[in-house]
């Protein structure tokens with residue numbers, strides 16, 4: 001175990017926010033079920049895309065992609081998955097300005113949960129989806145796209161290493177075909193929570209067992225893109241510690257998470273930590289709070305001047321000191337050696353409200369994502385806070401008795417799309433058999449109108465029997481070396 005050399009930073013919060021100029025908003029999104037947010041990115045059109053899991057349109061949770069405009073107005077949402085449960089945990093805007101999400105599914109794959117990767121077009125339509133793992137639980141929490149267009153997923157597996165919880169990495173090409181996988185074959189349990197790219201290397205973070213019962217230290221590993229381990233580091237105290245986020249900026253690797261320090265188990269600090277690209281420790285580790293409550297950083301965003309913004313959860317500040325549940329925590333901090341706190345804020349009332357993700361915006365502000373129970377129409381809703389360039393937070397209340405949180409009902413429907421003109425299918429509408437007169441070789445998928453994958457595989461015949469489908473509207477996509485073909489199908 002490596003015992004930390006650290007600087008403590010006791011945060012003093014002023015919780016009265018003023019509404020400044022600029023594009024700020026505070027909005028909740030959901031429907032009648034449990035809707036959770038896990039990752040958010042500003043899109044190339046300055047709108048926003050979010051992934052997570054929703055049970056508002058199915059009896060089980062489904063992964064989704066939610067699209068908003070630059071003011072946070074709902075545009076569309078689409079769910080992905082099958083008859084079981086899916087979670088979207090990490091989101092990337094791809095090099096061709098479309099999307100990919102990673103998470104886990106128990107609708108498909110080898111058993112239990114499997115790594116789940118969905119490739120999605122600009123209108124939210126699924127292009128293809130793939131699954132990786134063994135017969136037990138395998139869950140992906142981090143995703144990056146490499147310069148070659150392929151992807152790397154990182155998370156944990158119980159399918160290998162004699163069933164012990166182990167860090168798990170999968171690299172694919174740009175069509176989702178696995179190039180390699182790596183299981184951390186260690187003597188202690190391990191897991192990965194996040195991943196970033198450093199030119200020719202992959203940097204991961206998470207936790208590794210420290211010899212206690214369900215107790216971990218922070219864990220960092222650097223791999224080549226060929227899947228070979230370069231170096232790894234274990235950092236922690238005698239109590240429970242883990243990293244939840246990593247970001248590479250220049251030659252510095254920055255991490256956010258939670259650290260037990262001198263507190264008993266279940267009592268943790270918000271934790272910032274840095275290494276250089278050779279794995280050498282930089283002695284400016286920061287504990288944001290020094291209390292006997294439970295606090296954690298869940299995501300970080302770092303500019304090239306090394307100014308830190310982060311989001312997480314707290315039981316130390318805000319309404320959490322009243323009801324004992326988590327509040328969303330957001331803050332911005334200058335780099336070493338001063339650690340001057342530019343801004344800090346909590347949002348939340350009764351019930352748990354947990355900050356999950358952050359992305360810097362082009363107007364020099366930021367957008368934060370959280371799960372909320374208090375502002376919820378169902379069991380749980382998605383909360384988004386857009387911070388103005390001056391880093392002023394939108395107010396939670398009007399100063400009297402009204403909450404200023406706007407709410408949008410998300411709906412799940414097949415977005416409009418441009419059909420491929422030269423793909424003909426007959427008869428359409430059909431009863432049982434469809435025919436594709438053009439000879440295509442590729443991977444096909446057929447989705448229902450509510451986003452469930454009904455059938456898929458290699459297209460090796462120009463005739464398909466879909467008599468087992470119920471009456472309704474479906475979307476056929478065929479991915480070939482010449483392009484992607486799409487066609488709406490109508491079953492009588």
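Some observations on this one:
- Residue order, fewest to most beta carbons within 10 Å, for 238, 73: 73, 238
- Spin-label model, residue 200 to residue 238: label points 7 Å out along the Cα-to-beta-carbon direction sit 4.4 nm apart.
- Cα centroid separation, region 105-124 to region 310-330: 32 Å.
- In terms of surrounding Cβ atoms within a 10 Å radius of their Cβ, 233, 354 rank from fewest to most as 233, 354.
- Percentage relative contact order, the chain, counting C-alpha pairs under 8 Å, at least six apart: 15
- Sorting 181-190, 61-70 by average packing, meaning the other beta carbons within 10 Å per residue, from highest down gives 61-70, 181-190.
- Mean ellipticity per residue at 222 nm, deg cm²/dmol - from DSSP H runs of n ≥ 4 across the chain, formula -39500 (n - 2.57): 0 deg cm²/dmol
- Here region 65-103 and region 177-224 have alpha carbon centers that stand 25 Å from each other.
- Protection-proxy order for peptides 49-56, 456-463, 244-251, 404-411, each taking the mean of Cβ atoms within 10 Å per residue, highest first: 49-56, 244-251, 404-411, 456-463
- Listed peptides 165-175, 427-437 by packing density, highest first (mean Cβ within 10 Å): 165-175, 427-437
- Largest first, the three principal axis extents of the alpha carbons in the chain are 69, 56, 37 Å in whole numbers.
- Computed lengthening from residue 69 to residue 307, 0.36 nm per intervening residue step minus Cα-Cα distance: 83.0 nm
- As a proxy for reagent exposure, ranking 272, 333 by other Cβ atoms within 10 Å from fewest up yields 333, 272.
Values quoted throughout were computed directly from the atomic coordinates according to the rules given, and no laboratory measurement underlies them. Remember, it's a predicted structure, so these values are computed and weren't measured experimentally. With ideal geometry, Cβ positions are generated from the backbone for all residues, glycine too; neighbour counts draw on all protein chains shown.
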